[in-house]
Each structure stands twice: as C-alpha cells, then as structure tokens.
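Colleague: I'd like to ask some things about the structure below.
Quick note: the coordinates plus some simple rules give every number you see, no bench work behind them. Keep in mind that this is a model prediction, so the values were computed, not measured. Counting neighbours? That spans all protein chains shown, and the Cβs are built from the backbone with ideal geometry, glycine included.
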Amino acid sequence: MDIVLLAKFVPDIDRIPADAWDRERGPLVRSRLEMAFNPLDRAALRMALEIKARRTGMRIVALSMGPPGAKKILTEAIAYGADSAVLLTDRRFAGADTIATAYTLSRAIKSMSAAGIIDADFAVLCGMQSPDGDTAQVPAQTACFLDGPLYPYVCGLDVDEEKIEFKCLNSVGFQRVVPGRGPFVATATRLCPDLPFYVDLAAMRRANETQVLVWGKDDVELDNRRIGLEGSRTRVIEIFEPQRKHQACEVLEAEGEDFAARSAELLRRLKTSFSTSEAGGRAQAEAEPAVVPGRNYYTGDCVALWEFAGRRLAPVSFETASAAARMARKLRCGSAAVVIGPEDRRAVEDLQAHGAGKVYFVEGVETEKFRVRQQAKAIAALVRKLRPQVVIVPATLTGRVLAPYVSAQLDCGLTADCSALHVADFNRAHVRAKNVLYQTRPALGGNIMATIVSIYEQPGGGRPQMATVRPGALPVRKAPAETCTVEVFRAPELREDFGDSIRVERRAEEEKEIDLEDFEVIVCVGMGVGDRQTIAEVVEPFRAALERFLATPVGLGCSRAIVDAGVLPHSHQIGQTGVVVKPKIYFGLGVSGAIQHKLGMENSRTIVSINRDPAASIHGFADHAVVGEVNSIVPRLTKAMGGLGG
C-alpha cells in the first residue's frame, strides 16, 4: 500500500488584506496572500512518515492542487521524507468549490495509480480541514469520489509491521480503526503532532534535486463541466465584513489602582444581566424577505437531519428542525426530519413539536460504530427518494463529515458552518431563480463572511440545496406540526467490504454526566491555568463562589491544549472538535482564543477573558478583558463575590 498526501497551499489567516477576495466572482485571489503549507496536512505527513518507517517498500506521494507557487510546499514535503510529488495547476481549475476540487483531486489520484506512480492499493492522508475555508468537506468528498471509507478526526496512531491503527474522535468518545484494503481517506486533527521545525541539509538537497511532476487539465481524464468555477455547485454571491457580536471591549488592568472597585462593579453588572436576561444565548430570529408566490426554482420538502447525543436528541438538532420548519412555511412545502437509527416514539414527539410533519428513521446501518461511507450512502439513497429542495445538517463532529460525503453522492452544492439561512430570489449574471436558499458562513478564520447559493443549469434530479448549521447560530422555535407521519427507510445493502475493523471506546460514565450545553454559566480554563493543582486551588473555589453569587450551576470547560496535556478529559473541551456552547456568561481563564476554540463559544451572551497577555486573541472578541495573572486575579474575584453577598 502506498500513501497519497494531500497538501494544500493555504493563506496566513492572520495577515489577510482587504482585497483578498474577488468580490464579483467569489473566489480568493491567492496571489495577494502570504501562503504556506497547511498545518494539518503537515500533521498528516508526519503520520504518513511514521507508517512508512514500519512498512518496507511503501511510497509517499504528495499531491497539491493550486498555483505554480504551491510547488514550494511539495518540495518541503519531499525534504521531510515524501518520495515524490505531483502539482495540479491549470487556470481552468481556478475558482473551484469543494466538490469541484475533490472531483479533480480524485481523478488525479486515479491517474497516478494508472501511471504506476502509486499502487492500485493506496491510502489518502490529509488534514481534516484548511484555515482558509474551514469547511472540512474536501476529504469526505474525495473519499466519496474514490468510493472508499473515510476515517475522520484521527488524533492518535499505532503502527507496526502487521497493522495500522488510527485513534479517531467521535461523538461518544473515540473509536480505534484498523483499515483494510484501500482506497481510504484518513484525516488528521490538531491533536496529531506536527513535523519537526527543520530538516537537515542533505534532505533539503535531495528535495531540490527531485523533480515535481506538474500536471494540467489535459494530463488527467476530466469532465470539463465538473472542474473549476464552471463545475462548482455553489456560488459566492456576497463578501462582507463580520459584525462584532460583542460590545466594545472593556479592559481592566490588574495592576490599576481602581481594579478592586471596577472588578466589583463588573461582578454586579454580570449578576444583574444574568438575572434579567432571557435564556438561550445570543441567537435571535432574523427578519427575512417575504416569499413571493410563483414557481420556485426548486421543489420538494425541507429536510433536517437529526442526530442523537447518547440516548437523547442533540440540542443542535432542534435548531436545524426549527430552520427547516420555518423555511417550509415560507415555501409552502412540507417539513421532514431524518434520524439514523430505529424508530423512537419519544423522538417523534420532539420532532413534531418542532415542526416536522414527516419523520424518517433510517435502519440497516451501524449506529454503535461510526462508518461514514455506510451512513452517508444510506442518507443519499433516502434523499434521492424524497427529492427535497433543502437539506440541513448539524455542523457537529458527525454532521461535518456525513454532509460532504452525501453531497458528493448527490453531486450537489454544500455550504458548511452556516450562521444564517434565508430564502430569497436570485437574479444576476443572466440567471433568474425564484426562492433559493441564501447561506451565510464565516471564512478565513472569521475575517470575512460569505453568502452562498447553489444554482444549477437544470435544477432537480434529486440535487437539493445543502447546508450544515453551526451549533448555537440559529434560534429554536417550537411550532408543532398538526400531524406527523412516520416511515422506516431500509438502507440499501453495500456489497463492498473493505476489511476494516472498528472498536468503540466510550467516555467513562462519570464523564458523560458532564453536559456543558446545559449550563448558563461556564468557566473555561486554558494553558494559562496549566495544571490540576491550580484548577483545584484557584479555579474550583472561583466556580463555587460564582454558583453562590449567581444562584445557578456553573460548568467547567477547557481548551484543547488542556485536554492534550491530560489535565481534563475530552468531555470538558469547548471548540471545533469539542462541544459548542452558548451560555449567558462565559469566563475564559488563561484561554488564548484560537479560532478553533472561538468557534465553540462565540455565541455566548457575555464573554469575560482573563489573560496576562494584553495581545491575546480572546481579548479581541470579549466584552470584558482582564489583563493579568490568573493566579492573582481569580482569587481576588472570588473574595469580591463573598463581599457582595455571594
């Protein structure tokens, strides 16, 4: 078995110029950006090198699709130990969305196999996503076009001469995957180690002497209608600056003479705000343009995919169901819910209460083990049968990989991590489409917002508009359906057996009792706190004082770095690969505020950051920033709450 490493040439999201986007056509103008090797693809290369070290005769071939400058990162990959590299570069590839990109990459991989550059039995390793789009869609869509399994969210690797074992995150803890035959795709998370900082001179010399194979469109067997901007199933129609979600930040200096008085006043205001505010975070219903009667561009129902968190429906599912029901009322169509698993009457009651007039339970797939390919093919088969116009999926660990695999099965557009959805007419570039889904999402690390639509030359044919919704972004509204029909859909049997084995490792029972989504106040610790002793001696007294002061339970969360260090278990992690929360009050103690963590808590109603670094990212989106040492400030706040009656 050989390994194909997908390496993406990505922009530095901390240095984005104002003219980075072509605001007329939508794509990034990468020539205006500082570019580098995607950090998660570097982690995937590290995994590939570990596997190769234990396997005689294995080859690693790096593959990148991008401008000629991407040759730089392929040479870097060879310096670290890849055997060869292929660069796909052609102006006709420009402007590709994720599905056009995945199609092109998959066809190139097949051409590499046909040419003997890699074996017929191969694996594809890559990062789970890249910082420019953060969609996490290309790996899943590539796996679909290769018709192979996807093993997402790899956070650990155990390899010997006999087997490769990936440790993968999932919604209940972890699963250990031993792949069988290829092709398969595995994606690395930030929990995987990066490459060394440098390589020796001999490796650099070898890399510079190794020719990177350059392929254009004519070197790969491609359908012209499926590549580049023309082959894209989504269109970026608007780029705009994101609105600040929180008020102008109030900064408190720990060394200031008035710190005691100002911190006491802050605590009083937080208490008043907490006791008078409505529950449920910041998500509010948005005013939408009225739908004008007439023949719509799309037809069919609006469908929401629901998922379980343990034995209950995941909270974000109520957001997707509310959104589907709201759009169905506007479009004068039906609202349906799809649940993977056996029929559950209690779930039906919840679904009907949130507007679902039809519920489909998908049976015949494994639910204990997360097999992306199996579940995605079952959902795609049901969608082909239902022919809906809209499919909404939660942007969870599960949904973020199922949705792109399904979209590739259906050859339809997909927009990831949406923060807003609405229906309106589309009328530009000689295309008129009535009542289409406008999908708004952040990109480039939250530096910009993009509004996206899916427009096809011939709509229908089982190709819906698909979107994943970021947890906490949309309002939940109970609007019960008058009636609700239930149908069990039996998934088609898959003939292919890839010979893999999966073993699930659930979180310990005591960990599963922690459900941060249920807390209205959360104290989150980062590496600025550092260890268990500080949590026990500083953070826990603060958390207990907050519970007395606000008369409400206070949850304990943490950043990924704290989990990596073994200080707290994964069930406490807030962020993109943890839990997404939207409490009334969030305290970040020693949290840096990396984009992956921000995505998990930015919908908090009020954010208070405590960090000694005045330039910490979290201060930039907090409502109240306290600059100083956690070990000094937190005990002072604990004492102050006692003096205020807490």
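Colleague: Could you work out the percent of alpha carbon pairs in the range 468-578 separated by over 20 Å, rounded to a whole number?
Modeller: More than 20 Å apart: 62 percent of the Cα pairs in the range 468-578.
Colleague: With +1 on each Lys and Arg Cβ and -1 on each Asp and Glu Cβ, how big is the dipole of the range 302-503 about its Cα centre, in debye rounded to the nearest 20?
Modeller: Roughly 540 debye, rounded to the nearest 20.
Colleague: Return the inverse of the average 1/r over all pairs of distinct C-alpha atoms in the range 2-232, which is the Kirkwood hydrodynamic radius, in Å to one decimal.
Modeller: By the Kirkwood definition, the hydrodynamic radius is 17.9 Å.
Colleague: Same structure again: In the range 302-503, what % of DSSP beta bridges are antiparallel (nearest 5)?
Modeller: 35 percent
Colleague: So how do 481-488, 37-44 stack up, highest first, on mean other-Cβ count within 10 Å?
Modeller: 37-44, 481-488
Colleague: Moving on. For a quick check: with amide H placed at 1.01 Å from N, whose amide H comes under 5 Å from V338's, ignoring anything fewer than 5 positions away on the same chain?
Modeller: A304, L305, W306, Y360
Colleague: If the cut-off is a Cα-Cα distance under 16 Å, which lysines reach K369, setting aside same-chain residues fewer than 8 apart in sequence?
Modeller: K167, K377
Colleague: I would also like to ask the following. For the range 302-503, place one equal point scatterer on every Cα, skip the solvent, and apply the Debye formula. What is log10 of I(q)/I(0) at q = 0.12, 0.18 Å⁻¹?
Modeller: The calculated log intensity ratios at q = 0.12, 0.18 Å⁻¹ are -0.58, -1.30.
Colleague: What is the pair-distance distribution P(r) of the range 580-646, computed from all Cα-Cα distances in 5 Å bins starting at 0, with each bin given as a whole percent?
Modeller: 4, 18, 26, 23, 17, 9, 3, 0
Colleague: Calculate one ³J(HN,Hα) per residue across the range 603-609 by plugging θ = phi - 60° into the Karplus curve 6.51 cos²θ - 1.76 cosθ + 1.60, and present them in order as whole Hz with x for glycine and proline.
Modeller: 8, 4, 5, 9, 10, 10, 10
Colleague: Based on the Cα gyration tensor of the chain, what are the three equivalent ellipsoid semi-axes, each the root of five times an eigenvalue, rounded to whole Å and given largest first?
Modeller: After diagonalising the Cα gyration tensor, the semi-axes are 38, 32, 25 Å.
Colleague: Same structure, new question: Report the Cα centroid-to-centroid distance between the range 584-646 and the range 171-234 in angstrom, as an integer.
Modeller: What the calculation gives is 38 Å, centre to centre.
Colleague: Considering only the range 2-232, what is the antiparallel percent among its DSSP beta bridges, to the nearest 5?
Modeller: Within the range 2-232, antiparallel bridges account for around 35 percent of the total.
Colleague: What does the highest-first list of 196-205, 156-165, 408-417 look like by mean Cβ count within 10 Å?
Modeller: 408-417, 156-165, 196-205
Colleague: To continue, here is another question. What lysines sit close enough to K217 to cross-link, taking a C-alpha to C-alpha distance under 19 Å and skipping anything fewer than 8 places away on the same chain?
Modeller: Counting by Cα, and skipping residues close in sequence, K217 has these lysines nearby: K8, K71, K110.
Colleague: Give a residue-ordered list of calculated ³J(HN,Hα) values for the range 467-478 (Karplus: 6.51 cos²θ - 1.76 cosθ + 1.60, θ = phi - 60°; whole Hz; x for Gly, Pro).
Modeller: Values, residue by residue: 8, 9, 10, 5, x, x, 8, 10, x, 9, 10, 7 Hz.
Colleague: Can you say what percent of the DSSP beta bridges in the chain, counting only those with both residues inside, are antiparallel? Round to 5.
Modeller: In the chain, approximately 35 percent of DSSP beta bridges are antiparallel ones.
Colleague: Can you tell me the dipole magnitude for the chain around its Cα centre, using point charges on the Cβ only (Lys, Arg +1; Asp, Glu -1), in Debye to the nearest 20?
Modeller: 1560 debye
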